[in-house]
1. Could you work out the Kirkwood radius for the stretch 87-160, taking every pair of different alpha carbons, averaging 1/r and inverting it, reported in Å?
2. Name the residues whose placed amide hydrogens come within less than 5 Å of the amide hydrogen of Val556, ignoring near sequence neighbours (fewer than 5 apart) on the same chain.
3. First check a/c for the stretch 138-285, with a ≥ b ≥ c the square roots of the eigenvalues of its C-alpha gyration tensor; if it is under 1.5, answer rounded, and if not, answer prolate when a/b is larger than b/c or oblate otherwise.
4. What nm value, rounded to one decimal, do you get for the distance between Gln211 and Phe602 when each label is placed 7 Å out toward the C-beta?
5. Using only Cα positions of the stretch 201-288, each an equal point scatterer, no hydration layer, compute I(q)/I(0) via Debye at q = 0.24, 0.25 Å⁻¹ and quote the log10 values to two decimals.
6. What are the ³J(HN,Hα) couplings of the stretch 276-286, residue after residue, when phi is run through the Karplus curve with 6.51, -1.76, 1.60 and θ = phi - 60°? Round to Hz, x for glycine and proline.
7. What FRET efficiency comes out for the pair Ile413/Arg587, r = Cβ-Cβ distance, R0 = 30 Å, nearest 0.05?
8. If we sort 568-581, 142-155 on the protection proxy, mean other Cβ atoms within 10 Å, highest first, what's the order?
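Quick note: the coordinates plus some simple rules give every number you see, no bench work behind them. Keep in mind it's a predicted model, so treat the numbers as computed, not measured. Ideal geometry is used to build each Cβ from the backbone, glycine not excepted, and the neighbour counts take in all protein chains shown.
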Amino acid sequence: MALAFVMERVPFLEGPVNAVRRAFAHPIAGPVLKVVLGYVLLIEVGVQLIFGRVDIPFVHIGFLEIGRKASSIPHGVFVQGAVIGGLYGLIGMGLILVYRANRIINFAQAQLGAVPAVAGLFLMSFKGWPYLVVVPLVIVGAVLLGGTVEVLFVRRFAQAPRLILTVVTIGVGFLLLVLEFFTKLWIAGQAKLISNNFKTPFAHLRFQVGQVFLTGDHVAAIVVVAAIVVALGAFFKFTDMGIAVRASAENSERASLLGIPVRRVSTVVWVLAAVMSAIGVFLRAPLVGLPVTGFIGPSLLLYGLAVAVIARMESLPSAFIAGMLIGAIDRAAIFSTNRAALANAIMLVVILAALLIQRTSLSRAQELGASSWQAVKDFRPVPSELRGVREVVAMRSGVGALILAFVLAGPYIVTENNTGLLTVAVIYAIVGVSLVILTGWAGQISLGQFAISGIGAAVAGGLAANHNWDFFATLIVAGLAGALVAVLIGLPALRIQGLFLAVTTLAFAFAVQSFVLNREFFGWLMPKDFPARVSRPVLYHRFSLSSDTKVLWFTVSADAKFYYLCLVFLVLFLAVARSLRKNRSGRVFIGARENGRLMQSFGVNLARTRLAAFALSGFIAAVAGALYAYQQGVVEPGAFPAEKSIELFAMTVIGGLTSLPGAMLGAAFVKGLPLMPGLKNVQQIELLTSGVGLVFVLMFLPGGLAEGVYRVRDRFLRSVAAKHGIHVPSLVADSLVQDSEAADDSLVAAEEHLLETARLEQSDDVIACPACGALVPLVDARDHEHFAPLTTSDSGELVAVPVHEPPRGGNGSRRSRRARS
């Protein structure tokens with residue numbers, strides 16, 4: 001409108017404006033112009049204004065000097081960042097391929113390429129293998145790994161809801177972390193041994209761009225990435241398999257009906273995704289090295305997700321360009337501020353901006369998997385018909401007493417040295433309760449819940465260590481701070497749903513770990529450095545939780561007392577959540593999860609409902625973080641990594657995403673299992689419980705461990721109902737659909753019943769035997785001794801068939817029936 005108004009007033013602008021429009025619409029020149037314009041606006045103007053200072057030449061007008069000459073970010077930094085960003089683009093392209101083929105976000109994408117790439121890098125560094133030998137091994141390893149993951153896991157969950165398959169990729173990522181750990185252990189002898197001495201054939205080539213020195217590795221990286229983009233374009237356009245991949249991405253069911261081998265296509269997609277990630281990780285290591293932690297996949301996942309989101313989860317060339325821009329922004333921020341911690345916070349801003357701008361056109365097929373994304377399993381309480389039965393009451397009382405005794409005796413079962421770990425399990429269970437409310441009931445996917453706990457820990461720890469606030473006051477303020485932060489996260493959730501909300505919350509988790517919990521930026525919030533500590537409180541100025549207490553004939557340690565305190569908060573939040581689920585608010589959460597538009601037609605405010613879910617879950621998670629600060633005594637960024645948020649989400653899924661007992665079962669499985677006597681000294685046991693356990697549980701119990709518990713409970717309830725002759729419709733319906741063999745038997749019995757009914761209906765038609773005078777039912781006439789069936793002989797005559805011989809098939813049997821009639 002404004003442009004048309006200006007063109008009406010200034011007619012000579014119409015020609016140039018139309019020429020620019022035609023140039024931007026050109027199929028070849030248009031994308032080039034857009035890239036150049038984007039570079040100028042984002043890099044030369046935006047990044048320079050934020051992280052550097054723009055060069056403004058001096059303008060002399062008489063004795064006046066307008067403008068200033070200031071230093072800016074060298075262009076060599078942008079070139080270096082664009083090269084590294086092109087490697088991020090490879091990871092993003094792999095995410096796009098998997099998303100278009102399976103409608104999921106593969107959270108194991110970066111780790112899928114990290115395993116073969118890191119293995120090759122270690123072979124070069126510690127075994128002296130030549131570069132040209134390692135490269136083919138890395139590619140072959142990526143092919144085998146990608147194909148194996150698709151065959152073993154993706155195919156197994158092909159018909160499962162998209163939520164389940166997405167969570168499976170989280171479990172696969174944990175498994176690949178274990179595989180990477182043992183691969184490095186096998187090659188180098190020490191899993192934590194890091195080397196950045198990668199001798200490549202291109203390392204000796206050095207040249208300077210401005211103030212930045214580049215090597216031949218930079219040139220090799222950008223050439224390889226550009227070649228991969230061109231090869232992928234040709235593959236999808238000119239090969240049968242590439243066309244099949246595109247068709248399957250559009251509509252897999254229609255492609256299957258057209259004869260396209262969808263399973264084989266899926267395998268090819270996962271192989272391509274693994275190869276691209278492996279090449280990206282392998283080429284990046286000589287440029288920036290390996291991380292100190294040793295695990296490269298989780299840190300690269302965030303950049304790949306940012307690239308894929310900017311590319312709208314569908315355009316591979318756009319992913320390549322977006323990766324170069326992100327890399328340039330990242331390197332410029334590091335060069336200008338000399339702080340690598342800002343990179344993750346910048347990625348959060350980039351992802352949020354991309355999602356909010358593109359929310360109306362984020363994917364052609366985003367809505368296809370929306371319903372299956374929300375599909376989770378709910379569990380019903382004990383039917384009202386059986387709640388007062390003696391056996392049911394006795395069973396509930398017995399199980400409750402057994403659980404209570406086990407929980408109270410926990411510190412003495414695991415020994416005093418492991419009581420602190422048991423307390424952590426209780427705190428994790430509290431975070432699990434918050435996830436059940438937010439994700440299981442309200443349907444809002446959060447992979448950054450433990451980051452909110454980190455903010456709660458910083459607030460409570462800072463108030464306690466720096467200002468000596470009361471224990472309960474610090475918990476309340478921390479909970480309110482967590483609720484406020486959760487609402488701020490929930491505001492984008494009003495427009496961003498499902499998979500993309502998970503990406504946003506994961507980016508938030510990375511930003512909290514590296515930026516918010518960094519004393520360099522938020523020192524006023526965090527507890528001061530040593531010797532300031534978050535001391536255990538003294539409740540009501542009488543009950544100290546920092547010293548042992550003798551009760552009767554045994555001593556209660558300080559760790560055991562704090563464990564019991566955390567247990568009280570767990571019971572409190574369980575009661576709050578259960579009350580919420582029984583009331584209208586819980587039903588509104590469930591309804592908004594299942595069908596938001598339908599709930600709006602009933603007058604429900606979806607925005608208010610979702611923000612309420614975020615606020616309540618954020619309050620609970622932040623209180624859990626505050627308890628964690630008191631338990632640890634310090635607040636460190638390393639205690640709240642983004643990987644821990646993913647692990648807690650996986651823990652809740654293992655237990656049962658929609659079940660409050662499931663949150664406790666998941667915490668007991670993930671944190672309690674490593675405390676067992678035979679598993680205490682097993683390395684990486686937590687990765688095995690969260691990885692192997694997650695995939696194994698979902699393979700047999702899609703509803704988590706809670707589903708197995710409820711199956712046993714329902715089987716017991718059926719036996720009680722049968723014993724007392726009580727008809728419970730819900731249990732009968734469940735038993736009919738749970739056992740497929742029983743369902744088949746029911747169909748056979750129904751068919752026999754219908755045949756028997758037809759036989760009875762025909763029993764009134766009788767015929768008198770001319771030989772003995774007996775009245776024989778018409779349907780039994782064939783079996784009577786005096787009624788012999790007739791058939792046609794070879795000569796065409798009607799002859800009698802003995803009763804013990806079957807009649808001839810084909811036309812003869814039809815003729816015999818006509819003869820009898």
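1. Averaging 1/r across every pair of different Cα atoms and inverting gives 13.5 Å.
2. Amide H neighbours of Val556: Thr549, Lys550, Val551.
3. Note, shape of the stretch 138-285 comes out oblate.
4. 6.3 nm
5. The computed values of log10 I(q)/I(0) come out as -1.14, -1.19.
6. 5, 5, 4, 5, x, 5, 5, 6, 6, 4, x
7. 0.15
8. My ranking of the peptides, most packed first, is 142-155, 568-581.
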